[in-house]
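A.B. asks: To start, I am sharing the structure in question, which I have written as structure tokens.
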Amino acid sequence: MSDPSGRFNQIADDLADSGLAIADAFLSPGEVYTILNGDDFKNHKLHFKKAGIGKVARQINEAVRGDFIQWIDPEKISLPERSYLDRLHELIKFLNQNLFLSLKGVELHRTVYPVGTHYERHLDQFKSDDHRKLSIICYLNENWKAKLGGQLRVYMPSGSLDILPECGRLVCFRSDKIEHEVLPATRERYSLTGWAADRTLQ
């Protein structure tokens, strides 16, 4: 598989080294603009649903998380998001080949954090379901500045690290190892959030 920029290599190296990889410009500003201005994001207040917590008995708890989500159906995906999903599949194939993983499927949703909302510290892998292996987030926030907040705070063995949700930035990390939280922001915060799993997902 060709990877002219070496981006996939760097992601693989960082995942192998620390379980966390950050790749800027995974989506171009033009691609981000096209996704944000599609009907799915423009009409998010009509279509997105309040995110819950838990795998077996999902509950709405705004004290824990305040985001709204819309699961993406691969059969009904828009062309700009299809391009992103295809790129993710290329990345996963590369990681399987180079890190000897057995990733088979991706689940993906659009995410909106309204102003002032957050998500408390947690792991993405459920205790009752260990199939999620990699968490993959691509940020869709144009002209994001540090003063706006909204950082992804990841907890590493060496201490916490704050990652700004900058336009086109991809963050990938071990779902079973790296605890993280989302800090409040003074502007709405958008992303495509997904997981690579070791089984085929519907």
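A.B. asks: Name, by its number, the condition in (1) at pLDDT 95 or above; (2) more than 13 Å from the chain's Cα centre (by Cα); (3) under 21 Å from TYR33 (Cβ atoms) that does not hold for LEU79.
C.D. replies: Here LEU79 meets the rest and fails (1).
A.B. asks: Quick check: anything in the stretch 142-159 polar (S, T, N, Q), in contact with a Phe, Trp or Tyr (Cβ under 6 Å, 6 or more places away or on another chain) and at pLDDT 95 or above?
C.D. replies: Within the stretch 142-159, the first condition is being polar (S, T, N, Q), and the residues that meet it are 143, 151, 158.
Still in the list and also in contact with a Phe, Trp or Tyr (Cβ under 6 Å, 6 or more places away or on another chain): none.
No, the stretch 142-159 has no match at all.
A.B. asks: Quick test for you: out of LYS55, LYS49, pick the one residue that is modelled with pLDDT of 80 or more and in contact with a Phe, Trp or Tyr (Cβ under 8 Å, 6 or more places away or on another chain).
C.D. replies: The conditions single out LYS49.
A.B. asks: Here is a follow-up. Looking at the stretch 136-146, can you tell me whether even one residue there is within 18 Å of HIS122 (Cβ to Cβ) and in contact (Cβ under 8 Å) with a residue 40 or more places away in the chain?
C.D. replies: Within the stretch 136-146, the first condition is being within 18 Å of HIS122 (Cβ to Cβ), and the residues that meet it are 136-137.
Going one step further and asking which of them are in contact (Cβ under 8 Å) with a residue 40 or more places away in the chain, we end up with 136-137.
Checked against the condition, which is being within 18 Å of HIS122 (Cβ to Cβ) and in contact (Cβ under 8 Å) with a residue 40 or more places away in the chain, the stretch 136-146 yields at least one hit.
A.B. asks: Related question: Please find, among LYS104, LYS127, LYS177, the residue that is at pLDDT below 95, of a type in the set (Lys, Arg) and in contact with a Ser or Thr (Cβ under 8 Å, 6 or more places away or on another chain).
C.D. replies: LYS104
A.B. asks: If I filter the stretch 112-122 down to residues being farther than 18 Å from LEU192 by Cα and of a type outside the set (Lys, Arg), which single residue comes out as surrounded by the fewest Cβ atoms within 10 Å (Cβ to Cβ)?
C.D. replies: Restricting to residues being farther than 18 Å from LEU192 by Cα and of a type outside the set (Lys, Arg), the top hit is GLY116.
A.B. asks: Does the stretch 129-143 contain at least one residue that is loosely packed, with under 15 Cβ neighbours inside 10 Å and more than 24 Å from GLU188 (Cα to Cα)?
C.D. replies: yes
A.B. asks: Can you spot a residue in the stretch 24-45 that is in contact with a Cys (Cβ under 9 Å, 6 or more places away or on another chain), in a loop (DSSP other than H, G, I, E, B), at pLDDT 80 or above and surrounded by 18 or more Cβ atoms within 10 Å (Cβ to Cβ)?
C.D. replies: Yes - at least one qualifying residue is present in the stretch 24-45.
The values are calculated or read from the model by the stated rules, or taken from the named source; none is laboratory data. For clarity, every value in this text was computed on a predicted model and none was experimentally measured. Here the Cβ is made from the backbone with ideal geometry for all residues, glycine too, and neighbour counts use every protein chain on show.
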